[in-house]
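Taken together, the values in this text are just the output of simple stated rules run on the coordinates, not laboratory data. Just so we're clear, the structure is a prediction, and the values are computed from it rather than from any experiment. Backbone-built Cβ (ideal geometry, glycine too); neighbour counts: all protein chains shown.
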């Protein structure tokens, strides 16, 4: 199966080289790298052009203004030709991260996608460990980590794209949209490993105000998609998030990673 990996960039010269280096270390052969740039004015475009010429993978990219990350992701989805689609803007921490996820999907054709664990981290410290485990009820506050989500492209064909009127939680709304479909009963298969390290300080974690807005948008996503009573899922989701800051990573996960660790 072919994987399309969507990378969104805007003045990303600091982190993009690390993201691409981790991607080049992957052992899965059939990857289409789709880069949507929002009109960068730093050296991001030069990095992308160099990567296009040197990558072992098929690379397609475009640069033009967009209204934000979710608009960029939507444009990326429209550029994809793979059987499976994933969004990737941080760092894989295992050489077999992609191949392990794709193997899960091959072994579980009844599942619409796969998910795994992740960490939010600075260069020296893990700030948060996202561990949701096997699929559970939305009312239990369970929600897969979107950066780890590998979805069969039919899900985008059926349920559409990310709603850009959500400024912080369009990924959450999208996941609620297909996971709350009682008729389809969409299932995800779980890989019990940390595969992604996210750059700490993203849109929904950089301030208290942003987190409050995230909760409000999350509540709207539940109500809009007829998950009732929404407040139960809100409360359980908040509790799960708070617990992530105190949860310890598995002993096998060592941080910071050495340069040759993947």
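Stretching the chain fully between residue 239 and residue 254 yields a gain of 2.8 nm (0.36 nm per residue, less the alpha carbon separation).
With the cut-off at 1.5 for a/c, could you classify the chain from its C-alpha gyration tensor as rounded, prolate or oblate? Cα axes put the chain in the rounded bin.
So if each residue of separation counts as 0.36 nm, and I subtract the Cα-Cα distance between residue 185 and residue 83, what length gain in nm does that give? The partial results should precede the final answer.
On the way: separation 102, 0.36 × 102 = 36.72 nm, distance 2.05 nm.
That works out to 34.7 nm of additional length.
Helical runs (DSSP H, four residues minimum) scored at -39500 (n - 2.57) apiece and divided by the length of the chain put the mean residue ellipticity at 222 nm at -10500 deg cm²/dmol. The separation of the stretch 10-65 from the stretch 168-232, counted between C-alpha centres, amounts to 26 Å.
Residues of the stretch 74-105 with an amide N closer than 14 Å to a point placed 7 Å from the Cα of residue 24 along the Cα-to-Cβ direction: none. Compared with the dominant principal axis of the Cα atoms in the chain, helix 69-79 is inclined by about 70°.
Considering only 33, 232, 126, the Gaussian network model of the chain with Cα springs below 10 Å gives its largest mean-square fluctuation to 232.
Taking all Cα pairs closer than 8 Å and separated by 6 or more residues, the relative contact order of the chain comes to 21 percent. Relative to the longest principal axis of the chain, what angle (0 to 90°, nearest 10) does the C-alpha long axis of helix 170-179 take? Approximately 60 degrees, to the nearest 10.
Counting only DSSP beta bridges with both residues in the chain, the antiparallel share comes to about 30 percent. Seen against the Cα atoms of the chain and their longest principal axis, helix 44-54 is set at about 70 degrees.
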